Amino acid sequence: MDDGNTMGNSFDLVIRGGTVATACDVFKASIGIRDGRIVALADDLPRGAEEIDATGKLVLPGGVDAHCHFDQPTSDGSRMADDFRSGPLSAAFGGTTTVIPFACQQKGQSLRAAVQDYHERADGKSVIDYAFHLIVTDPTEHVLGQELPALIRDGYTSFKIYTTYDDLKLNDRQILEVLALAKREHALTMIHAENADIIAWLTDQLERVGHTAPRYHAAARPAIAEREATHRAISLAEVIDAPILVVHVSGGEALNQIAEARHRGLRVFGETCPQYLFLTADDLNLSGFEGAKHICSPPPRDGASQQSVWRGIQDGTFQIFSSDHAPFRFDDAKGKKVAGDKASFTHVPNGIPGVETRLPLLFSEGVVKGKISLPRFVQLTATNPARLYGLMPRKGTIAIGADADIAIWDPEKKVTVTNDILHHDVDYTPYEGRQIVGWPQVVISRGEIVIRDGRCLGKAGRGEFLECGEPDILL
Ligand code: DUC
Ligand code: ZN
Ligand code: ZN
């Protein structure tokens, strides 16, 4: 171990005396940082050019939010509230140091063009590092034969496909083609699993009798639609013998499909999100149009589903906890009200904000209340997403040689969540009024303090684009 002086260099920064947590250990140590990387972990270290006293604090890997949407083009006239300035800034305030949003191919568009467009949207704006997933909506021969293999080699090694939404969904044959390509090229396929025809049929029935209020969104997208599509996605992946990640799992029905597949030894991974732990379908039943704030897909369900999701988090069926931050302002003609404030639920943009509250919510309800250990928290929120998306060993851990992406938490800080303490550009938070214990106090990205005591010290645009390597599917 390097003591910081043996190489004739001192440290740029020493984080002294904190309790460090990784995906497997919790230990007291000081951390020496030089040139943006962790270069020493020891009981004691010589002074650095800068020092942070972390006594009584938790020193965790910065979070990796591997499912968030910023400035993603939409097809209904709406506009996402967060771009690459406000989205990553909000993430950083919540203890996240890497974000992975989606470069989405429009049908008929070249995938490479979608990636170029997304780089232009991101360039020079982000305060923290970022990578891209792709969204494949038009898997033509050219896309599968040439564009996608070349993009995978260029560091875009994961892509999302959909079984629902008319402008995004693939049929089973197309899903098989994408999975075969992913297997051949060692990429990871993420699947949004909801049965499109069940949803379309139920939606027609509901609209026919005038049931168009926001709360009917949940009725139109029942757990059975998610269970069926999850089962089908797993079956298709099994035919190809390709790994998949089922994203934003909302409850026990889909969870059990994943658990059963994993018991059979299949490389099926599961992701869940805060909205499935902390919201229910009742939150779509607010007066007037207010329920639209909580319209997302799959929808939040009920208390039993929340318990199932906790179980999946505890027993390892879920490997990843992401925000699925999809930000639309509520009181805005480009947001939730793009089709007016009396519009049918089918015309309300899907998605809720949560990139800043993701970690504090799980920490407070999970770690502080004793549902999960600190290492499990680190696995779910940082280490596993870094591994699965090919960002290890740079991101997602505290180890010699890793990027110094670190969040120093005050584990006792009491916070009441209100929208005005958050840094996204959305005009509401689904978690308004919620009491939280524990919040990140200092956030460090590649050795630079970007957040300290509620202030941003990092410059917009300092964040770097990350090329992802091969997904580590031996999680
Ligand atoms: N559902 C998605 O599939 N994507 C973004 C937001 C949402 O609710
Ligand atoms: Zn989705
Ligand atoms: Zn999403």
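The values are calculated or read from the model by the stated rules, or taken from the named source; none is laboratory data. Because the structure is predicted, anything quoted here is derived from the model rather than measured. Heads up, the Cβs are rebuilt from the backbone with ideal geometry, glycines too, and the neighbour counts pull from every protein chain shown. Note: areas computed on protein heavy atoms with side chains; ligands, DNA, RNA excluded. Shrake-Rupley method; radii C 1.70, N 1.55, O 1.52, S 1.80 Å.
Taking the conditions (1) closer than 30 Å to L388 by Cβ; (2) away from ligand 2 (no atom under 16 Å from the Cβ); (3) not aliphatic (A, V, I, L, M) in turn, F269 satisfies each one other than (2). Confirm whether A122 is more than 16 Å from ligand 3 (Cβ to nearest atom), of a type in the set (A, V, I, L, M, F, W, C), modelled with pLDDT of 95 or more and open to solvent by less than 10 Å² (accessible area, probe 1.4 Å). The answer is yes for A122.
Quick grid of which residues meet (1) within 16 Å of ligand 3 (Cβ to nearest atom); (2) within 22 Å of the chain's Cα centre (by Cα); (3) aromatic (F, W, Y); (4) under 29 Å from V239 (Cβ atoms):
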{"position": "R264", "(1), (2), (3), (4)": "no, no, no, yes"}
{"position": "T272", "(1), (2), (3), (4)": "yes, yes, no, yes"}
{"position": "D282", "(1), (2), (3), (4)": "no, no, no, no"}
{"position": "G288", "(1), (2), (3), (4)": "no, no, no, no"}
{"position": "A292", "(1), (2), (3), (4)": "no, yes, no, no"}
{"position": "W310", "(1), (2), (3), (4)": "no, yes, yes, no"}
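Considering the stretch 185-204, the residues that are surrounded by fewer than 17 Cβ atoms within 10 Å (Cβ to Cβ) and touching a residue at least 24 places away in the same chain (Cβ under 8 Å) include one that is nearest to L266 (Cα to Cα), namely H186.
Every residue, every condition in (1) in a loop (DSSP other than H, G, I, E, B); (2) β-branched (V, I, T), yes or no:
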{"position": "F377", "(1), (2)": "no, no"}
{"position": "P385", "(1), (2)": "no, no"}
{"position": "P393", "(1), (2)": "yes, no"}
{"position": "T397", "(1), (2)": "yes, yes"}
{"position": "G401", "(1), (2)": "yes, no"}
{"position": "Y428", "(1), (2)": "yes, no"}
{"position": "Y431", "(1), (2)": "yes, no"}
{"position": "V437", "(1), (2)": "no, yes"}
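Restricting attention to the stretch 406-420, the residues that are touching an Asp or Glu at 6+ places or on another chain (Cβ under 9 Å) and either free of Cβ contacts under 8 Å to residues at least 12 places away in the same chain or surrounded by 14 or more Cβ atoms within 10 Å (Cβ to Cβ) (or both) total 2. Residues that are touching a helix residue (DSSP H, G or I) at 6+ places or on another chain (Cβ under 7 Å) and either within 16 Å of ligand 2 (Cβ to nearest atom) or open to solvent by 10 Å² or more (accessible area, probe 1.4 Å) (or both) within the stretch 133-148 comprise L134, V136, P139, L144, E147, listed in sequence order.
Among the helices (runs of 4 or more DSSP H) confined to the stretch 62-170, the ones with at least 1 residues that are closer than 30 Å to P440 by Cβ, under 20 Å from the mean Cα position of the chain (by Cα) and within 16 Å of ligand 1 (Cβ to nearest atom) are located at 86-93, 111-122.
Looking at this structure, is V26 of a type in the set (A, V, I, L, M) and open to solvent by 30 Å² or more (accessible area, probe 1.4 Å)? Yes: the conditions hold for V26.
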